[in-house]
Amino acid sequence: PITGLTFSPNGQYLTAACEGGEMMTYNVVFQANQPLPVEFGRVVQSPTNPAKISGILHIETGFLLVNSVDKIARQWKVAGDAPYRNFQHG
């Protein structure tokens, strides 16, 4: 099941956080009044966070911040397969 959704600030990506820690980032680029491009809806990234996700947010274009129940917030690069940076939180 999906537990959270977030769009990137530029509207290019939609990321879904799933109950088991999985994250699915989709390409959602389109132009109004034009047919959808072939890439629309394709998965760009599908890594698994090491712990259950309690919150997810695109903090800037190309980066996600994932809050976890293990009290570690992880910064991920879009299209990356491992956390870019880890932060402890209470």
Next item on the list: Report, in whole Å, the centroid distance computed from the Cα atoms of segment 18-34 and segment 36-62.
Entry: 7 Å
Notebook entry, point to check: Running Debye on the chain with equal point scatterers at the Cα sites and no solvent, what base-10 log of I(q)/I(0) appears at q = 0.16 Å⁻¹?
Noted result: -0.58
Item checked: For the chain, built as a Gaussian network whose Cα springs stay under 10 Å, the top-fluctuating residue of VAL78, VAL38, VAL29 -> VAL38
Item checked: Inter-probe distance in nm under a simple model that places probes 7 Å from Cα toward Cβ, at THR61 and LEU36 -> 2.3 nm
Checklist line | Whole-Hz couplings from phi, Karplus 6.51/-1.76/1.60, listed for segment 33-38; x for Gly and Pro | finding: 6, 10, x, 5, x, 4
Margin query: What number comes out for accessible area per residue over the chain if the probe is 1.4 Å? Units Å², please.
Written below: 60 Å²
Note to self: For Cα pairs less than 8 Å apart in space and 6+ apart in sequence, what is the mean separation divided by the residue count of segment 39-90, i.e. the relative contact order in percent?
What the structure shows: 28 percent
Next item on the list: Within the set of other residues whose C-beta is less than 15 Å from the C-beta of ASN27, count the net charge using Lys and Arg as +1 and Asp and Glu as -1.
Entry: 0
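Can you pull out the trypsin sites (Lys or Arg not before Pro) in the chain whose DSSP state is coil and whose Cβ has at most 15 other Cβ atoms within 10 Å?
ARG42, LYS52, LYS71
The values are calculated or read from the model by the stated rules, or taken from the named source; none is laboratory data. Keep in mind it's a predicted model, so treat the numbers as computed, not measured. Reconstructed Cβ throughout: ideal geometry from the backbone, glycine too, with neighbour counts over all protein chains shown. The protein model used for the area step is the full one, side chains on, heavy atoms only, and it has no ligands, DNA or RNA in it. Shrake-Rupley method; radii C 1.70, N 1.55, O 1.52, S 1.80 Å.
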